[in-house]
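Student: Can you keep this structure in mind? I'll have questions shortly.
The values are calculated or read from the model by the stated rules, or taken from the named source; none is laboratory data. The shown structure was predicted, so the numbers you read here are calculated from the model rather than taken from an experiment. Cβ atoms come from the backbone with ideal geometry, glycine included; neighbour counts cover every protein chain shown. To get the accessible areas, we keep the full protein, side chains included, count just its heavy atoms, and leave off ligands, DNA and RNA. Shrake-Rupley method; radii C 1.70, N 1.55, O 1.52, S 1.80 Å.
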Amino acid sequence: MAEVLLGRQADWPAADAGPGQASGERLGPDPRAEARAMGEAESMAGRCDPSHRAVPTADAGAVQGGVRLLLRAEGAALLLFAVLAYAHLAPGQWGRFAALLLLPDLAMLGYLAGPAIGARAYNAAHSVVGPVLLAAAGFALPAQAALLWPLAAIWLAHIGLDRLLGYGLKYGRGFGHTHLGRLGPRDPW
């Protein structure tokens, strides 16, 4: 009985088998196989029938609630860290900071080639991986660190600002579909 409930076929002893089945010969259809087939058919019908589907309350792949607020708070922390790092690394050079802060947004030009390519270009320019590798290059090339580290700080500041404002990494469905939720008039914050 436990095997049937757990979905496993029991190895029925020959004594329980009907005439001709002790040798493994089947006289008719296996009722357990028919029940499994019916269950699979009903399961597939439920997946195909839209009335049986759960309706998502948010875009698939987007965070919501407290997690969304936490990710935006991380964006604020990243922005604050990057601005403080820049102030330490390049004191008095705020003109360069302002001039380069929006440079990563040039990656949005990728959307001219379509949403999938645009999302890839945007994500490449708005992932923390790029500025961290740039900062690491400053360690590998100490003579260039005075240039690379402030640039990495500006890039991180841009990413932090975007995340704080809700501009998350993009999905290929379109610019408004982000990991932080849907952008546009429906955006609750």
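Student: Just a yes or no: is a residue in segment 153-164 out of contact with any Asp or Glu (no Cβ under 9 Å at 6 or more places or on another chain) and part of a loop (DSSP other than H, G, I, E, B)?
Tutor: Taking segment 153-164 first, the residues out of contact with any Asp or Glu (no Cβ under 9 Å at 6 or more places or on another chain) are 153-157, 159, 161.
Adding the requirement that they be part of a loop (DSSP other than H, G, I, E, B) leaves none.
So far as segment 153-164 goes, no, none of its residues is out of contact with any Asp or Glu (no Cβ under 9 Å at 6 or more places or on another chain) and part of a loop (DSSP other than H, G, I, E, B).
Student: Among the listed residues Ala73, Ala146, Ala152, which satisfies the condition of being of a type in the set (A, V, I, L, M, F, W, C) and under 17 Å from Val63 (Cβ atoms)? Give the derivation first.
Tutor: On the way: Ala146 fails: under 17 Å from Val63 (Cβ atoms); Ala152 fails: under 17 Å from Val63 (Cβ atoms).
Just a single option satisfies the conditions, and that option is Ala73.
Rundown of residues vs (1) free of Cβ contacts under 8 Å to residues at least 60 places away in the same chain; (2) open to solvent by 40 Å² or more (accessible area, probe 1.4 Å), yes/no style:
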{"site": "Leu84", "(1), (2)": "yes, yes"}
{"site": "Leu106", "(1), (2)": "yes, yes"}
{"site": "Leu109", "(1), (2)": "yes, yes"}
{"site": "Ala119", "(1), (2)": "yes, no"}
{"site": "Ala137", "(1), (2)": "yes, no"}
{"site": "Tyr171", "(1), (2)": "no, yes"}
{"site": "Gly176", "(1), (2)": "yes, no"}
{"site": "Gly181", "(1), (2)": "no, no"}
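Student: Across segment 103-131, what is the total count of residues that are out of contact with any Lys or Arg (no Cβ under 9 Å at 6 or more places or on another chain) and under 14 Å from Leu156 (Cβ atoms)?
Tutor: Number of matching residues: 8.
Student: Go through the residues of segment 159-177 one by one and say whether even a single one is among the aliphatic types (A, V, I, L, M) and closer than 13 Å to Ala85 by Cα. Talk me through it step by step, then tell me what you get.
Tutor: At the first step, the residues of segment 159-177 found to be among the aliphatic types (A, V, I, L, M) are 159, 161, 164-165, 169.
In the following step, the residues that additionally are closer than 13 Å to Ala85 by Cα were identified as none.
No, segment 159-177 contains no residue that is among the aliphatic types (A, V, I, L, M) and closer than 13 Å to Ala85 by Cα.
Student: Here's something else I'd like to know. Run down Ala146, Ala124 and say which single residue is under 22 Å from Ala99 (Cα atoms) and exposed (fewer than 13 other Cβ atoms within 10 Å of the Cβ). It would help to see each step written out before you state the result.
Tutor: Values: Ala124 fails: exposed (fewer than 13 other Cβ atoms within 10 Å of the Cβ).
Of Ala146, Ala124, the one residue that is under 22 Å from Ala99 (Cα atoms) and exposed (fewer than 13 other Cβ atoms within 10 Å of the Cβ) is Ala146.
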